[in-house]
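Some notes on the structure that comes next.
The values are calculated or read from the model by the stated rules, or taken from the named source; none is laboratory data. Treat the numbers as computed from the prediction; the structure is a model and nothing was measured. Neighbour counts run over all protein chains shown; Cβ positions are idealised from the backbone, glycine included.
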Amino acid sequence: MAQLWGRFPNDRSTLEQRHHNGAKTHQKDFLAPKWCVSISDDINEQSSRLTDWSQEYNQYSSGCFKGRVDECFFDHIQLINEYTSQALYQQCKVWPNAFWIGIPSTRDQFRINGQTIDQEDLLWRHGGMTFELVTPADCNILSIVIPEDKLLSLAEYHGVEISLGGTKDNPRLSADPQQIHALARQVTRILNAGNREPDMAIHKDMLLQQLLDLLAKAEVNTHVVPSYRHRKAVVDRVREYVIGSGDLPVTMTALCELTNVSRRTLQYSFESILGISPVQFLRATRLNRVRRKLLSNQKISIADAAASQGFYHQSQFTADYKQLFGERPSETLKRVYH
C-alpha cells in the first residue's frame, strides 16, 4: 500500500504554497471541509501539529528530521496523513469520546503498545486513552478519528453491526487487506483533493460506508508472543522509573535491580517491545530531554542542559547529539530565537 502515501517532497517552498483553509483549531460546527498542511523539521514541533491530539515524540534514528501533516475536518470527522522521516517513539492520545483508526504505510519495525502488526491489521484506539507507537524511518500513517456516538449511530442507521468488545485492551483489528487498501485510497483522495473536488459529499459518504463495511467484518487481533506481557511490564516499569527520576542519570545496574531481571532479559524485553536496546533507549531518552530543555525558552545553557542528563564531557555530548539529531546543540538553541 506504500504507493498510496507518496514520499516527502523536498521543495519546502512548494509545501508552503499549499492551500491552508482555516485556523489550526478543532472547529466542530462548520459545514464545509477544512484543510491544513503543515511541515516541520523538529519532532517537538511535529508532535503538536495534530489538532486536539496530545503527543510527545522521542527520536530514535540518526539524522535531521522532516515531518509533514495533511489534515482535514468535515462533519466532525478528522482525517490525517502524517509523515515522519526518522524512527520515533510516540506517546499519543486522541480527543475524548472518539475512535481512532490508523493505517500505516509500512508494517516492518512498527509497533503499537509493544505489539507488532500484520499486513491485514488496522490500528484502533479509543479517544482519551494514551497509546504508544514505535514508527520506523520514512513512515506515513493515515488516520481517521470519528466521534463514538456518530460512528455507532451511522452503524445503526445503515443496519451494520459493529462489535467493540475486547478492543480496549487490544489495539489491532484484523481486516480484509483489500478493504484496508480501498479505505486508505479513499482517505488519500480526500486529503489530496483540497477544495478542488466538486463532489466531496459523495466521497465522504463513500468513506463512511467503506469504514462501516470494514469494521463490520473486522476481528480483534489478540495474538501476542507468550512473553509479551512480562516484557511489556519490564519496559513499562523502566520507563516509569526514568520519568520519575527527573534529571538524574540512570544506570543499567539500577534498572536490573529495579525490574528484578537479568541484563539479558532486560535486553530481550526492550528489543521486543521497542525494537532497540535498553542502552539505546536510555541514551536517546536523555538526548531528547536535553533537546526539549534547549527548546523550552528557559534560557538554559547547553552545558547545564547536558549536565542535567548526565552528559559531563562536552565534546562527546556534542558529537552524540549531532549524530542523533543532525545538528549541534548550539543550532538547536538558535531555533528559540528565530
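Within the range 134-161, track down each residue that is part of a loop (DSSP other than H, G, I, E, B) and either touching a Phe, Trp or Tyr at 6+ places or on another chain (Cβ under 9 Å) or at pLDDT 90 or above (or both).
Matches in the range 134-161: Pro136, Ala137, Asp138.
What are the pairs, 6+ residues apart or on separate chains, where a residue within the range 32-58 that is within 17 Å of Leu142 (Cβ to Cβ) and assigned by TED's automatic domain parsing to the domain that holds Gly102 has its Cβ under 8 Å from a residue that is assigned to a loop (DSSP other than H, G, I, E, B) and among the aliphatic types (A, V, I, L, M)?
Close Cβ pairs (under 8 Å, with a partner that is assigned to a loop (DSSP other than H, G, I, E, B) and among the aliphatic types (A, V, I, L, M)) amount to Trp53/Val94.
How many residues does the range 310-321 hold that are surrounded by fewer than 15 Cβ atoms within 10 Å (Cβ to Cβ), in a helix (DSSP H, G or I) and hydroxyl-bearing (Ser, Thr, Tyr)?
Within the range 310-321, residues that are surrounded by fewer than 15 Cβ atoms within 10 Å (Cβ to Cβ), in a helix (DSSP H, G or I) and hydroxyl-bearing (Ser, Thr, Tyr) number 1.
Condition first: within 20 Å of Gly128 (Cβ to Cβ) and touching a Phe, Trp or Tyr at 6+ places or on another chain (Cβ under 8 Å). Now tell me which residues in the range 57-77 satisfy that.
Tyr57, Glu71, Phe73
Could you tell me whether any residue of the range 111-124 is within 15 Å of the chain's Cα centre (by Cα), β-branched (Val, Ile, Thr), outside any helix (DSSP H, G or I) and surrounded by fewer than 22 Cβ atoms within 10 Å (Cβ to Cβ)?
Yes, the range 111-124 contains at least one residue that is within 15 Å of the chain's Cα centre (by Cα), β-branched (Val, Ile, Thr), outside any helix (DSSP H, G or I) and surrounded by fewer than 22 Cβ atoms within 10 Å (Cβ to Cβ).
Going through Lys204, Lys232 one at a time, which residue ends up being of a type in the set (Lys, Arg), more than 30 Å from Leu282 (Cβ to Cβ) and surrounded by 17 or more Cβ atoms within 10 Å (Cβ to Cβ)? Spell out the reasoning first.
Values: Lys232 fails: more than 30 Å from Leu282 (Cβ to Cβ).
Checking each option against the conditions leaves just Lys204.
Taking the condition of being among the aromatic types (Phe, Trp, Tyr) and under 19 Å from Gly275 (Cα atoms), how many residues in the range 34-67 meet it?
2
Would you mind stating whether Leu324 is outside the structural domain of Tyr57 (by TED's automatic domain parsing), in a helix (DSSP H, G or I) and in contact with a strand residue (DSSP E or B) (Cβ under 7 Å, 6 or more places away or on another chain)? Break it down stepwise before answering.
Working: outside the structural domain of Tyr57 (by TED's automatic domain parsing): yes; in a helix (DSSP H, G or I): yes; in contact with a strand residue (DSSP E or B) (Cβ under 7 Å, 6 or more places away or on another chain): yes.
Judged against the criteria, Leu324 is a match.
What pairs come up if the first residue lies in the range 198-216 and is not assigned by TED's automatic domain parsing to the domain that holds Cys72, the second is surrounded by fewer than 18 Cβ atoms within 10 Å (Cβ to Cβ) and among the acidic types (Asp, Glu), and their beta carbons are under 8 Å apart, counting only those six or more places apart or on different chains?
As it stands, the answer is none, since no pair meets every condition given.
Hey, could you check the range 284-299 for residues that are polar (S, T, N, Q) and surrounded by fewer than 21 Cβ atoms within 10 Å (Cβ to Cβ) and say which is nearest to Gln316 (Cα to Cα)?
Per the criteria, the residue is Thr285.
Across the range 269-296, what is the total count of residues that are in a helix (DSSP H, G or I) and either farther than 14 Å from Asn44 by Cα or of a type in the set (Phe, Trp, Tyr) (or both)? Don't jump to the end; show me each part of the working.
Initially, the range 269-296 is screened for residues in a helix (DSSP H, G or I), giving 269-273, 278-294.
Within this subset, residues satisfying the condition of being either farther than 14 Å from Asn44 by Cα or of a type in the set (Phe, Trp, Tyr) (or both) are 269-273, 278-284, 286.
Residues that pass the stated criteria total 13.
Applying the selection to the range 98-109, what residues are part of a loop (DSSP other than H, G, I, E, B) and under 21 Å from Val187 (Cα atoms)?
Going through the range 98-109, the residues part of a loop (DSSP other than H, G, I, E, B) turn out to be 105-109.
Answer for the range 98-109, where residues must be part of a loop (DSSP other than H, G, I, E, B) and under 21 Å from Val187 (Cα atoms): Ser105, Thr106, Arg107.
Phe110 - would you say it is aromatic (Phe, Trp, Tyr), in contact with a Pro (Cβ under 9 Å, 6 or more places away or on another chain) and at pLDDT below 95?
no
Answer yes or no: is there a residue in the range 79-98 that is aromatic (Phe, Trp, Tyr) and without any contact (Cβ under 8 Å) to a residue 60 or more places away in the chain.
no
With respect to Gln91, determine if the residue is assigned by TED's automatic domain parsing to the domain that holds Ser40 and under 11 Å from the mean Cα position of the chain (by Cα).
yes
Checking Phe131 against (1) within 30 Å of Tyr228 (Cα to Cα); (2) at pLDDT below 95; (3) not basic (Lys, Arg): exactly one of these is not met. Which one?
(2)
Being within 21 Å of Val336 (Cα to Cα), surrounded by 14 or more Cβ atoms within 10 Å (Cβ to Cβ) and touching a helix residue (DSSP H, G or I) at 6+ places or on another chain (Cβ under 7 Å) is the requirement here; does Leu324 meet it?
For Leu324, the condition - within 21 Å of Val336 (Cα to Cα), surrounded by 14 or more Cβ atoms within 10 Å (Cβ to Cβ) and touching a helix residue (DSSP H, G or I) at 6+ places or on another chain (Cβ under 7 Å) - is met.
Rundown of residues vs (1) modelled with pLDDT under 95; (2) in the same structural domain as Gln309 (by TED's automatic domain parsing); (3) β-branched (Val, Ile, Thr); (4) under 18 Å from Val134 (Cβ atoms), yes/no style:
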site: Glu240; (1), (2), (3), (4): yes, yes, no, yes
site: Gln267; (1), (2), (3), (4): no, yes, no, yes
site: Ile273; (1), (2), (3), (4): no, yes, yes, yes
site: Leu282; (1), (2), (3), (4): yes, yes, no, yes
